[in-house]
Every structure is written in structure tokens, then in C-alpha cells.
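Working notes for the structure below.
The values are calculated or read from the model by the stated rules, or taken from the named source; none is laboratory data. Computed from a predicted structure; not experimentally measured. A quick note on method: Cβ atoms are made from the backbone with ideal geometry, for glycine too, and the neighbour counts reach across all protein chains shown. For accessibility, only protein heavy atoms count, side chains too; no ligands or nucleic acids. Shrake-Rupley method; radii C 1.70, N 1.55, O 1.52, S 1.80 Å.
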2 protein chains.
Amino acid sequence: MHFLAPADARSWIEVEPDSHFPIQNLPFGVIDRRGRRVATRLGDTVIDLVELADAGLLALAARDSVDAAALSLRPRLFELFLEDASALRDNAALRARALTPASTARMALPMPVRAFVDFYSGINHASNVGKMFRPDSPPLLPNYRWLPVGYNGRASSVIVSGQRVRRPWGQTKGADDPAPVFAPTRELDFELEMGFFLSGGSTIGEVVPIERAEELMAGFVLVNDWSARDVQRWEYQPLGPFLAKSFATSISPWIVSLDALEPFRVAGMAQDPPALPHLRPGPHGHFDIRLEVSLKTAKMTRRQRISATNFRELYWSPAQQLAHQSSNGTPLEAGDLYASGTISGTEPGTYGSMLELTWRGSQPIRMDETGEERRFLEDGDEVTFTGYCQGDGFRVGFGEVTATVLPAHLG
Amino acid sequence: MHFLAPADARSWIEVEPDSHFPIQNLPFGVIDRRGRRVATRLGDTVIDLVELADAGLLALAARDSVDAAALSLRPRLFELFLEDASALRDNAALRARALTPASTARMALPMPVRAFVDFYSGINHASNVGKMFRPDSPPLLPNYRWLPVGYNGRASSVIVSGQRVRRPWGQTKGADDPAPVFAPTRELDFELEMGFFLSGGSTIGEVVPIERAEELMAGFVLVNDWSARDVQRWEYQPLGPFLAKSFATSISPWIVSLDALEPFRVAGMAQDPPALPHLRPGPHGHFDIRLEVSLKTAKMTRRQRISATNFRELYWSPAQQLAHQSSNGTPLEAGDLYASGTISGTEPGTYGSMLELTWRGSQPIRMDETGEERRFLEDGDEVTFTGYCQGDGFRVGFGEVTATVLPAHLG
């Protein structure tokens, strides 16, 4: 059941032209406000849907986390917030209870994260990493263009934007060191990703065909898959990344539905060789989403943009990723979060990690305001991702995912 | 709060001398019987603890899954089942409601599996796999003796013993094939493992020291980490196993507590080099648990033992595994399941996978009853693991984890 809002629709709630949250968006999230409560956002206003439900304006099944039933309320929210809709607009007492400024709203995770899977579909990132770590081989491994490479991450450390990230300890070993040391990571990095939550699932042995994959998706969020590169280099053979990734993964708080993203569908990059039949996509499985990374050190007063790229730089589409995941019959579950892999463009300045932006630390980033340099992240650094789609006269966006690095615990 | 049952204690419920479930065990599980209900087992009798709670004999908080509160009831169960305890023994009506033969009890997962992590601590298995897949290099990678290598698996496909396992489809590519194919796996395998569930957890950024690691463990189960070797070979670089492992993982239904295993602690193998301080174990972090694998093809009338080994063949102890997992501050959660890695002895006939037992299919196993040969598993094959500790006059065991292979879905 799709609901596409007309491009010229306007709300009675004020929305600036460059806001990520016009009436065409209507994302779902959870605010922490006398307990956890399902909410939506318009412009700089957060709306507590539990208050609207208690007032009889809509029917809300689960009140403390986003689920398929909540997502189905999007057309009803459109009705309630459209400029000539008076039910809430003209009820001052209810407005006072339900509406709150975004600047003071405390956001929680939109739904409990059941499983966290991280794909590797950013082909420029995978190529860059291959060049750095296997300089004598082709940058992409032979399987890369045949299947969406991915691995299982850790769900328990997925946190919401704003929560600070503690620099982790880990084992690292330099190539010439006789033994590893256990110490705080010295190569803390971000990874610019997006991810989709599932609101539906499947039973064990059931295979969800690619044509039905998007039906299970609740929508998208921004994802920062924090990484400790020195830990990763030492631990990852032969079974893949483990503790280098599992200390924290930050996500933006608002789930933006596929219906809201529908006007921004684009054809993905050409796939050569053609995908096998079970991964063969429809023509528009990708989305045109502009992405930016900014950094603010503890000494800086404002953020500096250090990268800009686009979600369409993925080789494999979200539908292909989910069809691949389901192809062996593993049960899909509501709350599963699937991240895209790091999204990098093809040029310096468009890369999605410090590892690439500084080319393994060899080309530090300079902070204009303070003259500081960064090879990897330092304590006190604040990393922010934003992302939005530019429509004709409006934007549909994700807000931001931001977090500040805390110093490691003392040993 | 530890409770160790005396070795000479006996129950009023009949327990054969070779039973895995004497009064010294008292494991926890969940039966599916008018809904899910927490239960324990003595000999061939399953006891519905919800009935005992409803009769006022014990206090049960969660009734449908095992949690820390249920686990703390073990001393109370010991009191109720000790041979001269009359409260339940002499109440025929309650006995009729609460006691049921193990042969007819339908078991469910003992607790919802929050996360599934699979270690690789079976050093003989890791060596064997290294010899097969990297014949020109040392069999163990440089990190193996410095940290418990592991990866995140998929929790949603953990199933309970008895549930059949569907042969999965997957992408495979022979070394000389021009392109991969998507087809049912032709190299279906088992992996003999054990695992521990957590009943406690930690918050993000908190590091659980090795001295406290065992306090968070609910107890152990047998684990069959089903694997598709041909899928694994093609997909696993560079981020580790993914769909080759996530179609099914079977576990035995009874969680055996560390207190029940306490008499069977043993020193682990010598660690050289010595573990780094945060992984430095107490002297008895391992357990002497005899493990057996049997196979019964569709044509056979009885199981044939194809392997026998011991849980002590692990390089890293469970406490070391959990201390490593927690060392970066990732939140630990009740319901986390940590598997040991495949447990193999040093000789043929003691290996924990078909891959090793048949040395990559080159030395098929012969079934004595039918003359059939097996390189990997065929449809209709039933794989069973058992495990127990031999005490002085009693055994503490795990029962079994068994499952039969179903044919793949038609394409």
C-alpha cells in the first residue's frame, strides 16, 4: 500500500524550504519523553503520536517503537498535517501536548535492533581498500561483482545520533612488532553508510524474491559504522571484522520510508557481469541521496565539510542486498538493520572514511579554522553525516547522525 | 551464588546411572506445552516449572523463557527433588500435571537468541582447515594464539534440536568455472561445537574483566553450526563467512549450568605465547566434556558414531572468549549465544566436521550397516551430537542435538 504525497502539498506546520522534513517526508522515530513514544517530524517540530492516538486522531498499536502498523499511518499523518486540516491545527490544548521543538526532543532508537548486517556495496570504497591493502592484486576480489559481499555485525552496540562514542581498546600489532599490544585504538575512523530497517520478515527456509524485497523494508537511516583500523588489520583474518567494528554504530533517528524516497529513484550503475537471475533488479533499485560528512574538533566552533558523495555510488541496490541475504532461507526479522557499506565517490574529497580521505594517514586533512591536521579521529572530534534528496521545491532528508569521540578508559 | 550438588545425592525421580540428567545436573529448558513453559529434567522425566510455581512450590518470574531469575532456582529444585523431599513426591495430582516423559516433550529454544557469535577456538580444526586451504603457509595465522578469533553469526536461524534443516541454495564457483552458479549446496557439513548463553549483560563502554566473565554465563549447550563449504569458499573473502553459515544452527535444548559442570573443570592446553594480561585465565577455565558425532542415513536403522573428541581441545577458554568479546566495550546481553568453534581432536576419527573427517571429500566415510559412502551430507541424513561429563557414579550431560537434512527447495 503505497502513499506518495504530491510535490506541492504543504503543511500548516511551518517548514523551511531547505528542511529535510516537509509533509512529503513524514518519517517515523521514537522520542524519549515520559517513556518512549512513537513520533514524526515536520520542519523543526516533533509530533508525539501517542498524544494523537490518546486524543482519538489515529490508532497506534505499539506505542514505544516503530513497527509495520505505525508505518501504515503515514497517509493518515498526511491528512492531519495538510494545510487545511483542522482537527489538530485548531486544537490548541492537544497541540501543546503533542508538539515539541526538535531542538529539545530527546531521540531514541526508532526500533529495537534485532540484527545488524553490514554490506560492502560501495564499489569505490572496496576498490580503495583493495588498493591500499593488496597493492599487488586487482583491487576487487573475484566475487565482488557476483554477489553483495557482507558480514554480520553486532546489534547491541547500535546507538542513536547524539550518543557519544568511547574510543575502544583493542589488540594491535605493527608488522615489525614481535608481539601485539592491548591499548586504545590509534586509528579510529568513521564509515559513511546508509541502512534500511525491516518492518516485516520471513520464516526459516522461506526465500523472499527480489521483487518482494522492498515490501519488507521500513525505510532508511544514515549509518556511521565506527571502525578501529589498527585493530581491524590484526584481527580480521580469516573470519572478517569483529571487535574493530562492534564497539559502536551510530544511526540517525528518523526512518524515512521508501514512499518518501520514491521520487528520487534512479537506475544504479551498470552491472557487468549481469547479476544472476535471483539478484536481477528492477530498473530503479537505487536512490539519489546527497551525502555529506563534516568534522568539528574540540577547538573548532563550527563544522567543516570534509566529504560529499551520493548514495547512488553503490554497486548493489538495497533490494539486491536483501534478496541475497534471504537466498539461503535465513529468517528475516522486523528490526533487522542492513547497512550499505561505506559510500565513496571516485575522487578525493568524496570518500566515506578517514582511511580513504587521508589515504591511510599519508595525506592528512587540514582544518581551516584551527590549522589542525587529522589522519584519524582524535578525542573530542565530532563527526556528522547529513543526507537529503533534492526535489522540485522541497527536500526529503534524514537529518543527521552525529557523535563526539570520548577518550578511552584508563587502563 | 554457587550451588554444587553432592556427588552422592539421589532424587526420588528415577535416574539411570548413564543418564545425562541426574540431580547433580538440573538443567533449564523450555517445553512447548499449552504455550512455552520453563522446565527442568531428571532422568527421562521433564518437569514443568510453571506448574510447580502455580502450586506455590517455587517463585518463577519469566514463565516462557529461561532467565537469570529462573537459573537461581536450581538450589530450590535440588531441595524439591532430593529423595526424601515429599512436597512434590507425595502430591499425585501435581505430579500428574507437572511431570511428563522426555520422549513426548516438545522442546523449544531455552531463551530467545539475542546475538550469535561463533569463535574459532578449536585449534586442531583451525590447523586442519589451514592445511587444506592454505597448503603453502603455516596452518595457523599469526593472530591465532594472541586472540580468540571469532565472528558474528546470525541469531534468527538458531533452532532447537529435532527441527529439520533444509539444504540451502547458494552461489558457488569452481576454480576453473567462468562464472558462479546459484544452486543447492553440494557440500553440506556439520560443525561440532558447544556454546554458552548469557543470562547477564553489560552496558556500552563497560568492560567485563575475565575474572567476572563466568558470572554472566547461564550455561552450556551443544551446537551444530551447519555449513555449506562450497558457498563458503566463494563468498568468504574478505569479510568472513556469511550465507554459508546463516541458514541454520542447531542447539540442544537444555542449558547446563556452570555449577553442574564445576566438578569437571580442567586446566586448558598450555598457551604459548602467554595470553596478554586481560585474557589471562584462572587455572581451570576449561571443562572435560566427552563429545560424539553420529550419522544415520535414510537407509540406516541405527546411528553410527563417526567421531569422538573432547571439549578440552579448545585453545581459548569460554571465559577468555567472553573477556575478549567485552574488551572493546560492546554491550553484552542476556540471550547472547557464544559458540566455541569446531572441536576436533588431533587424530582422524576425532574431527568435528565432514570437511576434516573426509579430508575435503578425498577419504569418504563408509556406513557399516549399508555400505554407503559419505563425502558431505546427503538429503535424509540425520546428524546427532551428544556430550557428557563422567563423574564418580553419575554423568552430567547435555542430551543431544539432532537434525535431519531436508532436500533443497525446487528452483
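Observations on the model:
- Per-residue ellipticity at 222 nm computed for the protein assembly as shown from its helices equals -3500 deg cm²/dmol, with DSSP H segments shorter than 4 residues left out and the rest contributing -39,500 (n - 2.57).
- In Å, descending, principal axis extents of the Cα set of the protein assembly as shown: 80, 65, 56
- Portion, in percent, of the accessible area of the range B:29-108 that falls on carbon or sulfur, probe 1.4 Å: 46 percent
- Excluding exposed DSSP-loop GluC sites (Glu not before Pro) (at most 12 other C-beta within 10 Å), longest clean stretch of chain A: A:84-411
- Estimated translational diffusion coefficient (Stokes-Einstein, Kirkwood radius over Cα pairs, 37 °C, 0.692 mPa s) of the range A:1-137: 194 µm² per second.
- Note on chain A: GNM, Cα springs under 10 Å; of A:Pro348, A:Pro180, A:Pro110, the largest mean-square fluctuation is that of A:Pro180.
- Each part reduced to its alpha carbon centroid, the range A:125-151 and the range B:122-157 end up 21 Å apart.
- Solvent-accessible surface, computed for protein heavy atoms with a probe of 1.4 Å, shrinks by 50 Å² or more for the following residues of the range A:145-162 when the other protein chains are added to the isolated chain: A:Trp146, A:Leu147, A:Asn152, A:Arg154, A:Ser156.
- For the range B:290-390, alpha-carbon Rg and Dmax in angstrom: 16.8, 53
- Choice from B:Pro274, B:Pro364, B:Pro148 with maximal GNM fluctuation in chain B (Cα, 10 Å cutoff): B:Pro274
- Computed over the alpha-carbon atoms, the range B:209-276 gives an Rg to Rh ratio of 1.09, Rh here being the Kirkwood radius from the mean inverse distance.
- Across the copies of the chain, B:Arg305 has label points (7 Å from Cα along Cα→Cβ) spaced 7.0 nm apart, shortest distance listed first.
- Counting only Cα atoms, the size of the range A:116-406 along its three principal axes is 50, 49, 34 Å, in decreasing order.
- Less than 5 angstrom separates the built amide H of A:Ile289 from those of A:Phe311, A:Arg312, all sequence-distant by 5 or more or on a different chain.
- Using R0 = 45 Å, the C-beta based FRET efficiency linking A:Ala85 and B:Asp177 works out to 0.15.
- Size of the range B:89-230: Rg and Dmax of its alpha carbons, in Å, are 20.8, 73.
- When chain A is turned onto chain B, its residue with the beta carbon nearest the axis, and that distance in whole angstrom, is A:Gly240, 1.
- The 3J(HN,Hα) values that the Karplus relation (6.51, -1.76, 1.60; θ = phi - 60°) gives for the range B:96-105 are, in residue order, 5, 7, 9, 9, 8, x, 4, 5, 10, 6 Hz. Gly and Pro appear as x.
- Fluctuation leader among B:Leu332, B:Leu71, B:Leu57 - chain B, Gaussian network, Cα springs under 10 angstrom: B:Leu57
- Cβ-defined net charge surrounding B:Glu51, 9 Å radius [Lys, Arg +1; Asp, Glu -1]: 0
- When B:Met132 is represented by a point 7 angstrom out along its Cα-to-C-beta vector, the spacings to that point in the other copies are 3.4 nm, nearest first.
- In this structure, the pairs whose alpha-carbon distance is over 28 Å, taken from A:Lys173/A:Lys299; B:Lys173/B:Lys296; A:Lys131/B:Lys173, are A:Lys173/A:Lys299; B:Lys173/B:Lys296.
- Relative contact order (percent, whole number), chain B, Cα cutoff 8 Å, 6+ residue spacing: 21 percent
- Once the convex hull of all Cα atoms in the range B:29-108 is built, its volume per residue stands at 84 Å³.
- Shortest-first nm distances, B:Glu373 label point to equivalent points in other copies (7 Å, Cα→Cβ): 6.5
- Accessible surface for the protein assembly as shown, divided over its residues, is 37 Å² per residue with a 1.4 Å probe.
- For the chain pair B and A, the buried solvent-accessible surface (1.4 Å probe, both sides summed) amounts to about 5300 Å².
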